[in-house]
Amino acid sequence: MGQPDSANLPGGSGRSDPARQPDGAIAAPALEGGNLIAKAHVLGRRVFARLLKEHGVDELNPAQGRIIFELWKQDGLSQAELAARTKLDKSTLTPALVRLEEQGQLVREPDPSDGRRHLIRVTERNRAAHSAYLAASNAMLDLFYAGFSDDEIAAFESTLRRLIANLEASTQ
């Protein structure tokens with residue numbers, strides 16, 4: 001028995017050629033990484049939204065939380081820096097920033113070193129919610145990694161970083 005046809009093509013791995021069933025249907029791929037990541041993403045957003053609400057952080061949804069989380073790590077980022085860190089494209093990030101600004105969660109200030117740029121900063125109102133957001137985040141991590149050893153967590157996160165790097169390389 002030989003390799004699937006795609007393995008014989010230049011750059012083929014044998015993983016992407018769908019196998020035909022006798023009835024003509026296309027079999028599901030044997031590897032489900034992308035599907036599993038998508039399921040974890042959907043479930044994670046749902047659970048995290050509930051945890052945020054339980055911790056009294058009603059004004060932020062999980063997507064906005066990604067933006068705020070990066071600003072808590074380093075306040076005063078440009079929109080381009082924030083897009084790179086959150087992996088959100090401009091068409092998604094811009095309206096989210098507008099909503100967060102309207103909610104009083106952040107402000108955009110002119111960059112003193114470059115008048116064409118704006119720096120994005122969290123407000124005092126937002127900083128007041130930091131401890132509740134952090135508690136919700138920690139509760140999420142407890143759920144996410146329940147039953148994992150420290151070594152398994154490190155290996156899993158290392159694997160995810162490699163996967164992200166592979167995907168980023170394909171967009172260059």
- prompt: Calculated from the structure, Rg and Dmax of the Cα atoms in Å equals which of (i) 15.4, 55; (ii) 19.1, 62; (iii) 21.1, 67?
  reply: (iii)
task: Considering Cα pairs under 8 angstrom that are at least six residues apart, work out the relative contact order of the chain and quote it in whole percent.
output: 16
message: Using the Cα centre of the chain as the reference point, and only Cβ charges (+1 on K/R, -1 on D/E), how large is the resulting charge dipole? Debye, rounded to the nearest 20.
response: 320
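Which whole-number percent gives the relative contact order of region 58-143, counting Cα pairs below 8 Å spaced six or more residues apart? Present the calculation step by step, with values, prior to reporting the outcome.
Numbers: 70 pairs, mean separation 23.3, N = 86.
Relative contact order here is 27 percent.
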field: Calculated [θ] (222 nm, deg cm²/dmol) that DSSP helices of n ≥ 4 give over the chain, each run adding -39,500 (n - 2.57)
entry: -18000 deg cm²/dmol
query: Which of the listed residues, Ala49, Ser113, Asn35, is farthest toward the dipole's positive end in the chain, when Lys, Arg count +1 and Asp, Glu count -1 at the beta-carbon?
result: Ser113
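A short reminder: the numbers here are calculations on the coordinates, not readings from a lab. What you are looking at is a predicted structure, and each value in this text was computed from that prediction instead of being measured. So basically every Cβ, Gly included, is an ideal-geometry build from the backbone, and we count neighbours across all protein chains shown.
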